[in-house]
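Below is one structure, written out as structure tokens; the observations come after it.
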Amino acid sequence: MSAPVLELRDVTVTLPTDRGPLRPVDGVSFAVAPGKTLAVVGESGCGKSVTALAIMGLLPQGSRIGGAIRFDGQELTALDAEAMRGKRGAELAMIFQEPMTSLNPAFTAGEQVAEALRLHQNLSPAAAMDRAVEMLARVRIPDAGRRARQYPHQLSGGMRQRVMIAMALACRPRLLIADEPTTALDVTVQAQILALIDELKAETGTAVLLITHDLGVVADHADEVAVMYAGRVAERAPAARLFANPQHPYTVGLLGAAPSLEGGAERLASIEGTVPDLRNPPPGCRFAPRCPFAVARCAEQPPLAPMGEGHLAACWRAPLDSLLVAA
Amino acid sequence: MTALLELRDLARAFPVRDALGRARGAVRAVDGVSLSVAEGEVLAIVGESGCGKSTLGRLALRLIEPDAGEIRFMGEDLRTLNPADLRRRRRDMQLIFQDPFASLDPRMTVEEAVGEPLRLHGIVPRAQERDRVAELLARVGLRPELARRWPHEFSGGQRQRIAIARALASRPRLIVGDEPVSALDVSVQAQVINLLQDLIAELRLTFVLISHDLGVVRHIADRVAVMYLGRIVEEGPTEAVFRAPRHPYTRALLAAVPGQGGRDGAKAVPLEGDVPSPIDPPSGCRFRTRCPFAEAVCAERMPLLEGGSHAAACHLQDRLPPARPPAEHDAGGERLRRLQAFFTDRSTSPITKGATTT
């Protein structure tokens, strides 16, 4: 296996708030290899988006990052603001859920893609615009020359997300972070956009960090998965293995909570209660208060323990198979 | 089975104006829709944004006025009722919205919000109001002592439970849910879906679910109507529509749902392009511009919904290649089902849950 493009080791993020510091990310480790997709899955507040912002150096002022974020062997947390600016857009790119808020309404689609190229690749304005139109065509925007002269409000949601992808990939970044890139889009358009990201990834060898709450998207597009809960990684595994043999109770519950197209189950698996308040998290395993398998030992924090073949789970009761023998 | 709600040839267009206020045409949001919902049935209306499903839901309750067509509810034509009679009828039909953050008044306590419809429709004597609110809260799985709290003190899932309690207060026969679980996280969504299913069964509710989420629809609906650009393109029993979709759009919609077949499985080619503008829809069949099977006839004549209890509006429906059966994917198998049973068994019916916490 080739060296990872991105490696996080025991990353913590502390944010200053009116009511004192908050730690939305608490000891997260994972790695992404070139040309591969790592999906980070979890529900709102699990820390997946804050992790992405930490990698991009886009956390609010006054935030503190602990642990190591290594990008192509270089420690990102040690870089100053200017050095980070040079990396963003060139080697590190990110696309967001709502393209309308990330595109500038006062510039045409073509100008926005061209700007990235001028800044990072020293192209002349005319050459940058030519490349921009080329990029828009590559993300399959029909009639790219005409569309390049249009403003964001003249484009559909799917089209805007394509412009974002064209901008993000214009400089052939080493890493693309896609934060819920299709959540705001209709299902038929979602399928087009995700297929496009896969295709461009295969072509350029870009590593992809895909942040999503949708396990179906994970099953179709991820090579590896990290399941996050309340700021920590609950389970990490190659995608196929995670679906075939989940070892953390939270993953088990999550898989049963999403209704499937085949119907089947009379009742959905219901994870009782709500996610813990991060100001006052439960001691030990943060999922324990909602876990049907919790025992006294869960008051201590379980380590991410190996379950074989690149599979890790942070649960004292894993592997869960013994629970079935007893039942 | 008698129809509780019957819609006939409903239509509603919204004028579109340019920046100077000049009329530039009209969006035909709902354009000739007929549907019938039987007593006790769960009917889902599915489609992508802009297909007209939310407008149809509001037309059915006469929350907005149709341009044409008929709405029969409990045997009465709602369009002929005067405002006072319509208000009385309203206690039998309620709407639950997508966003529980926007649908509750931030200045009303839970008790006031849930009690308001009781007072409005004179459901119980004033003296019994508090008890009835406590009963309703217990029924949706909330502890009655939460009645004095304000909406902002609750999570999204709890707010949606409050909205459901409020909708149930007037003892309605029909509830329309417009994306009622779409704003919730998966684990909380599952709790609210289980609650809705229990309530539908126990109170024998008739439920119209408006949703873009095909998994949710498959899970709770008895019958499905698929909309595209203001018209119903397919309608039938849920099982039949999901197993053997007859309209090319339904097929494309189902194929686009992620998580069926895995990353290396033969995946359906995603539908190309975007939905055309509803201001100027294509002639004939509105789906023809994106349909891989379209022929000359599709541009000439608008297809009608045909085929009995499982009907589709497609000229070619009897000549299409057979639909691909949904891929069986059961990655976790028996082991996962047995582990998940530990989660399922803990969710009890909201009534018993209420009883233990009161």
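In terms of modelled amide H atoms, which long-range or inter-chain residues lie less than 5 Å from the amide H of residue B:176?
B:94, B:95, B:96, B:208
Go through segment B:8-14 residue by residue and turn each phi into a ³J(HN,Hα) via Karplus (6.51, -1.76, 1.60, θ = phi - 60°); whole Hz please, and just put x for glycine and proline.
10, 6, 5, 9, 8, 10, 10
Would you mind calculating the relative contact order of segment B:16-66 from Cα pairs under 8 angstrom and at least 6 residues apart, reporting the percent as a whole number?
25 percent
Per-residue ellipticity at 222 nm for chain A, helices alone: DSSP H runs ≥ 4 residues times -39500 (n - 2.57), over residue total, nearest 500 deg cm²/dmol?
Computed ellipticity for chain A at 222 nm equals -9500 deg cm²/dmol.
Ballpark to the nearest 100 Å², how much total accessible area do A and B bury together, probe 1.4 Å?
So the buried area, both faces added, is about 4900 Å².
Express in whole angstrom the spacing between the alpha-carbon centres of segment B:18-97 and segment B:183-206.
Between the Cα centres of segment B:18-97 and segment B:183-206 lies a distance of 23 Å.
Per-residue HN-Hα couplings for segment A:221-237, Karplus 6.51 cos²θ - 1.76 cosθ + 1.60 at θ = phi - 60°, whole Hz, x for Gly and Pro?
10, 9, 8, 9, 10, 10, 8, 9, 9, 6, x, 10, 7, 8, 7, 9, 6
For residue A:284, which sequence-distant residues (separation of 5 or more, or a different chain) have an amide H within less than 5 Å of its own amide H, given hydrogens modelled in the peptide plane?
Amide H neighbours of residue A:284, under 5 Å, 5+ apart: A:301.
Kindly report the accessible area of the protein assembly as shown per residue (heavy atoms of protein chains, probe 1.4 Å, no ligands, DNA or RNA), in Å².
Ligands and nucleic acids excluded, the figure is 43 Å² per residue.
For chain A, what's the radius of gyration and Dmax over Cα atoms, in angstrom?
Just the Cα atoms of chain A yield Rg and Dmax of 20.8, 71 Å.
Would you calculate, for chain B, the mean residue ellipticity at 222 nm contributed by helices, counting each DSSP H stretch of 4 or more residues as -39,500 (n - 2.57) and dividing by all residues, to the nearest 500?
Taken over chain B, the calculation gives -9500 deg cm²/dmol.
Under 5 Å between amide hydrogens, which residues at least 5 positions from residue B:16 or on another chain qualify, with H placed 1.01 Å from N in the peptide plane?
Amide H to amide H, under 5 Å and 5 or more residues apart or across chains, residue B:16 pairs with B:24, B:25, B:26, B:27.
Once you have the Cα-Cα distance between residue B:202 and residue B:84, take 0.36 nm times their residue separation minus that, and quote the gain in nm to one decimal.
Between residue B:202 and residue B:84, full extension yields an extra 39.4 nm.
Could you sort B:92, B:85 by accessible area so the largest value comes first, with the probe set to 1.4 Å?
Reading off the accessible areas and sorting them downward yields B:85, B:92.
Which net charge results when you count Lys and Arg as +1 and Asp and Glu as -1 among the other residues whose beta-carbon is under 13 Å from that of residue B:240?
0
State the antiparallel share, in %, of DSSP beta bridges confined to chain B, rounding to the nearest 5.
Among the beta bridges of chain B, antiparallel pairing accounts for roughly 60 percent.
A drop of at least 20 square angstrom in accessible area, chain alone versus all protein chains together, probe 1.4 Å. Which residues of segment A:203-220 meet that?
Residues shielded by partner chains are A:213, A:216, A:219, A:220.
Indicate the residues belonging to segment B:183-214 that lose 20 Å² or more of solvent-accessible heavy-atom surface (probe 1.4 Å) upon moving from the chain alone to the assembly of all protein chains, ignoring ligands and nucleic acids.
Relative to the lone chain, where solvent access is computed with a 1.4 Å probe, segment B:183-214 loses at least 20 Å² at B:185, B:186, B:187, B:190, B:191, B:194, B:198.
Could you check how much of the accessible area of segment B:279-335 is carbon and sulfur, as a whole percent, using a 1.4 Å probe?
Taking all protein chains in place, segment B:279-335 shows 53 percent carbon and sulfur surface.
Could you go through segment A:171-179 in sequence order and give the Karplus-derived ³J(HN,Hα) for each residue, using 6.51 cos²θ - 1.76 cosθ + 1.60 with θ = phi - 60°, rounded to whole Hz, and x for Gly and Pro?
After applying 6.51 cos²θ - 1.76 cosθ + 1.60, I find 9, 6, x, 6, 9, 10, 9, 10, 9 Hz.
Between residue A:149 and residue A:130, how many nm apart are label points set 7 Å from Cα along the C-beta direction?
The two pseudo-label positions are separated by 1.9 nm.
The values are calculated or read from the model by the stated rules, or taken from the named source; none is laboratory data. What you see is a predicted model, and the numbers here were worked out from it, not measured in a lab. Note: ideal-geometry Cβ built from the backbone for every residue, glycine included; neighbour counts use all protein chains shown. For the accessible areas, the whole protein counts, side chains as well, though only heavy atoms, and no ligand, DNA or RNA atoms are used. Shrake-Rupley method; radii C 1.70, N 1.55, O 1.52, S 1.80 Å.
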